[in-house]
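What follows is calculated from the coordinates using simple rules that are stated; it is not laboratory data. Every value quoted in this text rests on a predicted model; they were computed, and no experiment measured them. Here Cβ is always computed from backbone atoms with ideal geometry, including for glycine, and neighbour counts include all displayed protein chains.
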Amino acid sequence: MKKLLLIFLAVFISISTFVSIVSRKQHADLLIINAAVYTVDADNSKSEAIAVRGSRIVSVGTTQDIQNHYTSQNIIDAQGRAVVPGLIDSHAHVMGLGQSLTELNLYGTTSAQQIAEMVAQRVKNAKPGEWIRGRGWDQNDWGTGTGQKPFPTSTILDKISPDNPVILNRIDGHAIWVNSKAMEIAKQTTDLNIEIDGGIIFHDLSGNPTGIFVDNAVSIIRNVVPEYSQEEKISLYHHAFDECLKYGITSVHDMGINGNDFEIYKNLVDRQQLPLRVYALIEGNGRFFEEMVQNGPYIDNVNRMLTVRSIKLYLDGALGSRGAALIEPYSDEPESRGVITFAPDSVRIITELALARGFQVCVHAIGDRANNIALNEFEKASKKFPAQARNARLRIEHAQVIAPDDIPRFKKLNIIPSMQPTHATSDMYWVQARLGPDRVLGAYAWRSLLDDGNIIPAGSDFPVELPNPLLGFYAAVTRQDKDGLPRDASDVVNKFQLSPEGIRDSTLFQGGWFASQKMTRKEALRAFTMWGAYAEFMENEKGSIEEGKLADLVMLSKDIMTVEPKEILATDVVMTIVGGTIRYKK
């Protein structure tokens, strides 16, 4: 009897202890266990498990610790998969992505004839007079030679669409290719033979427009293209949101919205239908700009879903269409230095206004002349408002080609270079032909900027590039394309367009295109997380997996921090979580 009593007491004590431990456990709405958690905290620490309550992370630790202290009805066993902070695309065009998913997709096309055949198919199902829209063509990808690739003309489009106006956006969004019907409509309001400040209309030898409009000149055509209805725009936004979430994007910096876009975003927030976080920039002109500057920034301090506190300015065009503003002429077009699309004095004036009113300014600058102007005007404005400028986080978007003397000025002036890694691997095939062997050394110079102490918020510029951030991560750490090119200088000589001087130092291409400018994997992950959060003043709210921060998390099918580089391209997003809510699951 005494032995039975002792056994009973031992069992009772064990049960009581277990019940006591369980009763002391805290409730969590979500637990993720058995993961390889890359926190991106100050120490780049790695963990195993995360506890989430509401929209916030309440604890990060080992699987054992989290299970000892938290209980939940929603437990996700990661089975060793990598979990990273929600990915932030720091430069994108959300409406443009939605449009690219519904309009003619011309990405990867290899000839004008292929595009014409695609347009012809769309025309068959179009209503009379309906506009045919598309995006993604790049004449640099046409043909097999390495020489200069000319722009197409309206003639080929006229043959297959004489009655339906056609507007096809170049891949960079800085040029359009249209047919004669589109130009006929535009002629009713604008003379197509006039000179456009900051833009180019291409003409043939007889003085007739060829159908190519570059930079500020594109507005001549776009102004006569019918606007999407409100319902259509909302649908396009949702298409874009779904695409972002599929690729682990939990926050996006939307580079240029108007008043109508703002109202759509606000209504989605009010109805709790905005599934990811948006940091939206307003363009630096028009009524909406004036109203916002007058009223001050819009910041959703409750749910942190929408912020509008930044102004977007465009200083030049793009390299691919030779609109980027260069200090010296293009190596492959000596009569051109590109175009300045916005008055430099206006950059200074708007920056001063922004500093006084609590707004950030982000300037699109691709060529070295445009980057020099942006730095100069930011410096002048900062001298007038030194206190405000110290934490203004002024940004130069793209910063693709920088003169050697201007690289140190980014850190000196506290200007953020916001860059898109896949631009380098998309442009590398022809950019040396544009810039020559010396100037190209300042192109996509990530390591030079990082070694100076700068951060680089990374983005895709979608729909210019594909929205998948893992493509940008791969480009950042390899400076190679999906086929692993260039492996060495021989690939560059045989496959890339070069200026007559050729390449001068073959060692620069050993293991990548100007391989010394690569990012490390830790830097690349930071570029798509914490540095993006900093660039929108949200580094205390998101960008890393830490207690108290928003539970924006991404689970990956492979560990991008350890797998072979080419395996990064084979990595999928398994789950995307925004504020503790699963928004995408593969």
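Any idea what the relative contact order of the stretch 365-491 is, in percent, if you count C-alpha pairs under 8 Å spaced at least 6 apart?
24
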Answer rounded, prolate or oblate for the chain, using the Cα gyration tensor with square roots of eigenvalues a ≥ b ≥ c: rounded when a/c is under 1.5, else prolate when a/b is larger than b/c, else oblate.
prolate
Gain in span if fully extended, Thr102 to Ala387, counting 0.36 nm per residue against the direct Cα distance
98.0 nm
How far apart, in nanometres, would the label points at Asp197 and Glu130 be if each is projected 7 angstrom from Cα along the Cα-to-Cβ direction?
4.0
Is the C-alpha gyration tensor of the stretch 94-222 telling us rounded, prolate or oblate? Criteria: a/c under 1.5 is rounded; beyond that, a/b larger than b/c is prolate, otherwise oblate.
rounded
For the stretch 94-222: relative contact order, % (alpha-carbon pairs under 8 angstrom, 6 or more apart)
20
For the stretch 43-60, just list the computed ³J(HN,Hα) in residue order, Karplus coefficients 6.51, -1.76 and 1.60, θ = phi - 60°, integers in Hz, with x standing in for Gly and Pro.
9, 6, 6, 10, 9, 10, 8, 9, 10, 10, 10, x, 9, 10, 7, 9, 6, 9
Distance cut-off 29 Å, Cα to Cα: go down the list Lys149/Lys380; Lys384/Lys549; Lys412/Lys522; Lys25/Lys46 and report the pairs above it.
Lys149/Lys380; Lys384/Lys549
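With a cut-off of 8 Å between alpha carbons and a minimum separation of six or more residues, what is the relative contact order of the stretch 117-187 in percent?
Details: 101 pairs, mean separation 24.0, N = 71.
Averaging sequence separation for qualifying contacts and normalising by length gives 34 percent for the stretch 117-187.
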By how many nm would the segment from Ile327 to Lys495 grow when fully extended, if each residue of separation counts as 0.36 nm and the alpha-carbon distance is taken off?
57.7 nm
